[in-house]
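Contents: one structure, followed by commentary.
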Amino acid sequence: MPWLARGAVLVFALLAASGCGQDASTPSMTAAPLVPDIHSFARPAEARVTHVALDLHADFAARVLQGRATLTFVRRPEATELVLDTRGLEIARVLDSRQQPLAFRLDPAVEHLGQALVIALPASGDQVVVEYRTSPEAAALQWLTPAQTAGRIHPYLYSQGQAILTRTWIPTQDSPGIRQTYEASITVPRPLRVVMSAEMLTADGVDAGDGQRAYRFKMDQPVPPYLIAVAAGDIAFRALGPRTGVYTEPTMLASAASELEDLEKMIGAAESLGGPYRWGRYDVLVLPPSFPFGGMENPRLTFATPTILAGDKSLVALLAHELAHSWSGNLVTNATWSDFWLNEGFTTYFEYRIMEALYGRDRALMLATLGRNGLLREMADLPPADTRLAIDLRGRDPDDGMTSVAYEKGAALVLTIEQAVGRDRFDPWLRGYFNRHAFTSITTQQFVADLQQELIGGDAALRDRLDVTTWIEQPGLPAGAAQVASPAFGQVEAEARRFAQGARAATLDVEGWTPQQWQHLLEQLRPTPLSPAQLKDLDATHRLGDTGNSEILFAWLRVAVARQYAPAVPALERFLTTQGRRKFLKPLYEDLMASAWGQPLARRIYAQARPSYHAVSAQAIDAIVK
Ligand code: BES
Ligand code: ZN
């Protein structure tokens, strides 16, 4: 039996037993997650964490967070153990709610996953206190020296939890199916400021003696632990609208604020598609350049790379994407990392809809076409099993499943559903989907069940036409996938051909081209055997190495590396040493390592750059360069 069918039977049995739509405010054992998560040691059916209270001190000299996590849990009366996820944590003591020591053990480490922290539960009680400190190498945390910040005076700390890194700084049940509310008090040396993915209770902190200030936060809506995030540094704030604003280092505040000008409008567009924004405020933290992602959808406070500050708002789709996660991902969450496409596929579709509403169909279609082309290129290099939507991650790092398949094949499925029924029917279903599953974590099978019950119903022709099982279980892009093709790219392809055949760069008809068209031109030229003279002409005429648009620069550098074009090496070196986005670093290092020309370059540049990269990027590049 295919696993989907087998899974569906299981889901229905469990749905019946649990009453599904759990009430977030009164956690009980019946609301335990429905499927096992192979990336967590937790045994939530016995005892499940529902609330985390952090009281931590940031020691910048030692590069550790130290303090206590008080965990509230629900349990079966007969449960004897509470099992948490940890990785690299040093556990000092575990106490019960009367501050009496509890027995505990740390099991042997398992690759990717870390160590189970098994706590012996007393006969009654619903809280434990874990006293601990993080390792200076905690993979979620990056401790930056002043020299690695824009201001160069104060140190900086930030966290990145997705997918399974929260366990390197918080001992809790680190599974996306185990939602938890949280509160925190974080102490840092003056004059640093702390921000978190939560409501800020003390905007300016309170004096904690000894030159320290304490910042307090609370998140009353249950979130998966990968969304708990913190940053501390010389961080300033500017309001953008009544519920939006930007945090960043003071020297970047003005440019960040003007780049993010449209944020409030974006929320309006997102709400008309997804229903009311449920998280209160929406702020963006623009991080130092080593942030390993473009953006991370931490609730109430998206974390973003400074490489989106192009100066002309041309990269704001990334914020539309992170904002969309306020519905797909944060409100309705993938239950396991094999269901990651539910987060990213819906979000990518949603991102294109927001962009369409704000900037028009042409721009949205260009973005979708770039995405689709990237998918087709990446799928050609992936093992077929990894081109299924719900992928098998047994024994693997969840990051292995984080390819464009989840994003773009996922978005293609959602778009195909939209086109099969029309927006008049699709949009209410989508809003209903977010409402029916709000504040829960769901599996691919639950998505299929919802689609069947709420949209397809008895329409057998529609069911057969959509054939969702094939989408989910089979490799590749199904033949019935909705087509995506930007008309504005036709002219770009014609110009790319002319240039490849010898036309001078100055004769290309690039009048009025958008940044997306430039990006497309360069992606078209990458496999083309251009001569050094042609590359020189292109760069000199259109100043590609100097562009402020990081996507265009990245696309240009890939063309240059593919042709071993030495004059681009300084720009390449600058790019690889001044920003740490994994998505940009990985392909460039891979391209370099593919040739005898590039290998010494990659090694030399990486030796210099590695100390400035976040662990997430360093781990990926280690595997390529070492
Ligand atoms: N949630 C992801 C970032 C992520 C993915 C973190 C996997 C850890 C593991 C975020 O929403 C994202 O997809 N960011 C993209 C930008 C987006 C426009 C495709 C990125 O960082 O490039
Ligand atoms: Zn995303």
Quiz item: Does region 77-97 hold any residues that are free of Cβ contacts under 8 Å to residues at least 60 places away in the same chain and closer than 25 Å to VAL110 by Cβ, and which are they?
Solution: ALA79, THR80, GLU81, LEU82, GLU90, ALA92, ARG93, VAL94
Quiz item: Is there any pair linking a residue in region 596-623 that is open to solvent by 80 Å² or more (accessible area, probe 1.4 Å) to one that is modelled with pLDDT of 95 or more, with Cβ under 8 Å and at least six apart or on different chains, and which?
Solution: ARG603/VAL625; GLN608/THR577; ARG610/ALA618; ARG610/ILE621; GLN619/ALA139
Quiz item: Can you find a residue in region 401-409 that is in contact with a His (Cβ under 7 Å, 6 or more places away or on another chain) and either assigned to a loop (DSSP other than H, G, I, E, B) or in the same structural domain as ASP509 (by TED's automatic domain parsing) (or both)?
Solution: no
Quiz item: Within region 13-28, is even one residue open to solvent by 40 Å² or more (accessible area, probe 1.4 Å) and at pLDDT 95 or above?
Solution: no
Quiz item: Tell me, which helices (runs of 4 or more DSSP H) lie completely within region 225-340 with 3 or more residues that are closer than 30 Å to ARG425 by Cβ and away from ligand 2 (no atom under 16 Å from the Cβ)?
Solution: 263-274
Practice problem: From PHE575, PHE584, grab the single residue that is of a type in the set (A, V, I, L, M, F, W, C), touching a residue at least 40 places away in the same chain (Cβ under 8 Å), closer than 30 Å to MET355 by Cβ and part of a helix (DSSP H, G or I). | Solution: PHE584
Quiz item: Among the residues of region 346-380, how many are of a type outside the set (Phe, Trp, Tyr), within 23 Å of ASN298 (Cβ to Cβ) and away from ligand 1 (no atom under 11 Å from the Cβ)?
Solution: 3
Practice problem: Have a look at VAL421, VAL405 and point out the one that is open to solvent by less than 30 Å² (accessible area, probe 1.4 Å) and either under 21 Å from ASP464 (Cα atoms) or of a type outside the set (A, V, I, L, M) (or both). | Solution: VAL421
Self-check item: Top-ranked residue in region 387-402 [being within 15 Å of ligand 1 (Cβ to nearest atom) and open to solvent by less than 20 Å² (accessible area, probe 1.4 Å); ranked as nearest to GLN474 (Cα to Cα)]
Solution: ILE391
Quiz prompt | Positions within region 259-268 being open to solvent by 20 Å² or more (accessible area, probe 1.4 Å) and either basic (Lys, Arg) or in contact (Cβ under 8 Å) with a residue 12 or more places away in the chain (or both), in sequence order | solution = GLU261, GLU264, LYS265
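If you go through region 540-572, how many residues are farther than 20 Å from THR528 by Cα, assigned to a helix (DSSP H, G or I) and more than 16 Å from ligand 1 (Cβ to nearest atom)?
3
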Practice problem: Run GLU351 past the list (1) outside the structural domain of MET402 (by TED's automatic domain parsing); (2) within 11 Å of ligand 2 (Cβ to nearest atom) and report the number of the one that doesn't hold. | Solution: (1)
Quiz item: Is there any pair with a first residue in region 546-565 that is closer than 14 Å to GLU523 by Cα and a second that is basic (Lys, Arg) whose Cβ atoms are under 6 Å apart and which are 6 or more apart or on different chains, and what are they?
Solution: ARG558/ARG526; VAL559/ARG526; ALA562/ARG526
Quiz item: Looking at this structure, is PHE293 open to solvent by 30 Å² or more (accessible area, probe 1.4 Å) and within 11 Å of ligand 1 (Cβ to nearest atom)?
Solution: yes
Self-check item: Contacts under 7 angstrom Cβ, first residue in region 125-140 being more than 14 Å from THR86 (Cα to Cα), partner assigned to a loop (DSSP other than H, G, I, E, B) and among the charged types (D, E, K, R), 6 or more apart
Solution: PRO136/ARG63
Practice problem: Can you tell me which residue among ASP85, ASP55 is open to solvent by less than 50 Å² (accessible area, probe 1.4 Å) and modelled with pLDDT of 95 or more? | Solution: ASP85
Quiz item: Taking the condition open to solvent by less than 10 Å² (accessible area, probe 1.4 Å) and not basic (Lys, Arg), does PRO383 pass?
Solution: no
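The values are calculated or read from the model by the stated rules, or taken from the named source; none is laboratory data. From a predicted model like this one, the values you see are computed outputs, not experimental measurements. Methodologically, a virtual Cβ is constructed for each residue, glycine included, from the backbone with ideal geometry; neighbour enumeration extends over all protein chains shown. Only protein heavy atoms, including side chains, enter the accessible area calculation; ligands, DNA and RNA are left aside. Shrake-Rupley method; radii C 1.70, N 1.55, O 1.52, S 1.80 Å.
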